[in-house]
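The values are calculated or read from the model by the stated rules, or taken from the named source; none is laboratory data. Owing to the predicted nature of the structure, the values given are computational and were not obtained by experimental measurement. Neighbour counts are summed over all protein chains in view; Cβ atoms, including those assigned to glycine, are modelled from backbone coordinates with ideal geometry. Note: areas computed on protein heavy atoms with side chains; ligands, DNA, RNA excluded. Shrake-Rupley method; radii C 1.70, N 1.55, O 1.52, S 1.80 Å.
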Amino acid sequence: RALLDQTVGNLRRLNRTLAPTTLDRFGLLAALEELTEYTATPDLTVRFECPMPSPLPLNRVADVALYRVAQALINNVVQHAR
């Protein structure tokens with residue numbers, strides 16, 4: 001049972017990583033804010049700022065691409081920064 005619970009949790013995290021539901025429901029800005037909150041730890045502060053109150057609407061492919069770029073940047077910092 002514990003292994004099944006762990007597997008389900010891992011699948012949910014993987015699903016959120018690939019295409020977060022927040023991106024579909026609330027848009028890119030909300031998804032990026034959620035990504036920074038999810039990534040933050042006691043040793044790492046991640047802050048998202050957008051100077052535009054409402055950026056130009058993009059299509060789903062562009063939103064996912066920008067989300068993944070931000071995700072890769074944060075992962076690189078986490079892995080390589082001291």
Protein accessible area in the chain, 1.4 Å probe - carbon and sulfur %: 58 percent
Under 17 Å from a label point 7 Å along Cα→Cβ of E33: give me every residue in segment 61-82 with its amide N that close. 67
How far is helix 60-80 tilted off the main Cα axis of the chain, in degrees rounded to 10, range 0 to 90? 60 degrees
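Hey, what number do you get for the chain at 222 nm if only DSSP H runs of n ≥ 4 count, each worth -39500 (n - 2.57), divided across all residues, to the nearest 500? Show your work: numbers first, answer last.
Numbers: 4 runs with 56 residues, N = 82.
Computed ellipticity for the chain at 222 nm equals -22000 deg cm²/dmol.
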Please compute the contact order of the chain in relative form: average sequence separation of alpha-carbon pairs under 8 Å and at least six residues apart, divided by the residue count, as a percent. 27 percent
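So if each residue of separation counts as 0.36 nm, and I subtract the Cα-Cα distance between H80 and T21, what length gain in nm does that give?
Working: separation 59, 0.36 × 59 = 21.24 nm, distance 2.83 nm.
Between H80 and T21, full extension yields an extra 18.4 nm.
Stokes-Einstein at 4 °C, 1.567 mPa s, Kirkwood radius from Cα pairs: D for the chain in µm² s⁻¹?
Details: Rh = 14.1 Å.
Stokes-Einstein gives a translational diffusion coefficient of 92 µm²/s.
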